[in-house]
Every structure is written in C-alpha cells, then in structure tokens.
Amino acid sequence: MYNQAGNIGQDIDQVLAFIEMVMLIFFYLLTTITIVKLVLKDKFKVNRPFKDFRWVGLLSILIVVFGVAYYLMTLPGVNDMWIKLFIISLLSSLFPVFTLLFSSLIFAFMNNDIFRGVGKLVTIGAMACILSFLVNQSIYVLLPLNFLMVIIITPVVEEVLKYLSVLLFKNKGLLIKGYPSIITTAFAIGAGFSFIENLIYFSVIASPLSLGVGAWVSIILNRTYITATAHGLFVMMTILGFEKKLFSSPRNGLIAAIIFHSIFNYLAVAFQNIYAKEIIVGVASLIVLLKLLEVARSQSSRYTNVYKY
C-alpha cells in the first residue's frame, strides 16, 4: 500500500510537471512571437563580437554535444540505450532555442537581421555556459561547498560571464534601444545558456540510470522552459543596467541579476516541494509579458491615431 501511494505521488508529480511545461510552452511561444514582432518596429542590430565567432561558437557547442554523447556511450550497462538518452536530452534542452528561432523565422522575410541576430546571441549564451561550467567545476574541486556553491558562487560566475558576453557585443555596436529588443536579446542569451546547462544536467547530472525514468522525466519537464526563462530574466536585468532603463548603471544591473539568481537557486534548494522557483519565475514572466502588451498597445494606439488623421 505504501509503495502504491508512493508511485501515485510520483505519477501526480509528473502530471503536474507536464501541465506546467505545456503552459510554459504556450507562454514562451506567445512571448517570443510578441517580442520578435515588436522588434520589427524597434532598433535591433547585432554584429559579430570577434572574427571567426561563428566557427569558434559552433566548434565549442559541438565539442560539448559530442562529449556528452561519448560520456553516455561509455557508461556501463547502457548498451544501445545511450543514443535514446542522448536524443531525449539534446532535443529537450534545445526546445527553448527552437521556440525562439521559430518565432524569429516567422518574421525573417520582413527583417532577416533579426533571425541572424538571435542566432548570434544564442551562440554567445551557449559559450558563456560552457565557460561557467568549467569555472564552477574548477572552483568546486578546490572548495567542495555545495550550499555556498549553489547560492553564491554559481550565480556570481554565471552572471559575470553573461555580463561580459553582453559587453563584448556592446563594444561591437550592439543596438538594443527599446524594451522589445532588450527582452529579445535577454531571452536569446538565456536560451543558449540553458541549452548547454540542461543538456549536461539531463544526461550527466540527473541520469535516469541513477534516479529512475519517472524522476528523470519530471526533471526534464520541469527544467526545460523554467531555466531558459529564468536565465533570460537574469540577463534582462543586466541589459537594463547597460541601457539605463531600470538601473542606473551596468554594475547595478549585474548586482540585481546576481541577487535574483541567488534567490532563485535558494528557492530551488529550500522550497522545491512547493514549486517556489517556478512561482517566482512565473510572476516575473507575467510582469514581462504585461510590459510587452503595454508596448504593443501604445504602438497600436499610435498607428490608429495616424490612420484617423
């Protein structure tokens, strides 16, 4: 009876996670299509941050992808199952990237620069995650402090590297004057960052071989869009500092991103049974969506008034 109740509890958690993911897919798709459409009337220009950026970024990502595949292939006892684990992990971690690129592709025939710009920003987000993973792992080897690592060190390392990524583009003429362009830039970098993070998490850290398939599926359903949205929100604070829209300086925006990231990680550790981190991301995302709708409404009013005259 106890085991049956435990299994039912796990099944209910999976159902809740599935419903949550479906709702996040709709939200993420609605938000990304909205922001990309608004960017058409906004200032948005993304130049390459350095020579051969495309090839360096692509090579970095491929090294991680093939490294994960090789790790799964050499695990004892997986036989031919490794390829299925790899494909599930890869596609799940790529969902937010696909959603954002799909939203950009819809309007690419109007402005192909948007699609190209989003691709560059996704790439720099992935590269930032690769560097942060290497730095965090090195620090963890020297200072194996789990709680301190998650709450303080990891947010600082990750947000500083995202800050440097934005700074790299800004020094090459990144133009993101309006809120739609700011949010698009943040979501693109966040999607690229979460792609690498989730790929490693789904395949190496949270393996179904150690957790069981049910728990693994719940983690995939829960993290797929939550982490992409959260990282997008963190980057958005940094960019708002660069543009002096909400914070008075890039440094203040970075500090706010680190604090919000630390709170997010703390909630994930301390209140995981009540979905605390999902709630805070949901509330913050709703605020962003309301801001987008406000911008869209003001643009519509402007065009309507022009039409009347």
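The values are calculated or read from the model by the stated rules, or taken from the named source; none is laboratory data. Because the structure is a prediction, the values reported are computed rather than measured. Methodologically, a virtual Cβ is constructed for each residue, glycine included, from the backbone with ideal geometry; neighbour enumeration extends over all protein chains shown. Ligands, DNA and RNA are excluded from the accessible area calculation, which covers all protein heavy atoms including side chains. Shrake-Rupley method; radii C 1.70, N 1.55, O 1.52, S 1.80 Å.
Converting the Cα gyration tensor eigenvalues of the chain into ellipsoid dimensions via √(5λ) gives semi-axes, longest first, of 33, 23, 20 Å.
The tail of the calculated P(r) for the stretch 102-240 beyond 20 Å holds 51 percent of all Cα-Cα pairs. With the whole protein complex present, MET73 retains an accessible surface near 90 Å², based on a 1.4 Å probe. Calculated translational diffusion coefficient of the stretch 50-105 (20 °C, 1.002 mPa s; Stokes-Einstein with Kirkwood radius over alpha-carbon pairs) equals 164 µm²/s.
Neighbours of ILE35 by Cβ distance under 12 Å: Lys/Arg scored +1, Asp/Glu scored -1, total +2. Measuring against 30 Å, Cα to Cα, the residue pairs LYS45/LYS84; LYS172/LYS245; LYS245/LYS277; LYS84/LYS172; LYS51/LYS277; LYS45/LYS244 contain LYS45/LYS84; LYS84/LYS172; LYS51/LYS277 as the ones spanning a longer distance.
Ligands, DNA and RNA left out, the 1.4 Å accessible surface of the chain is 69% carbon and sulfur atoms. Accessible surface area normalised per residue over the chain is 51 Å², counting heavy atoms of protein chains with a 1.4 Å rolling probe.
Extension gain, LEU134-PHE109: 0.36 nm per intervening residue step, less the Cα-Cα distance, totals 5.1 nm.
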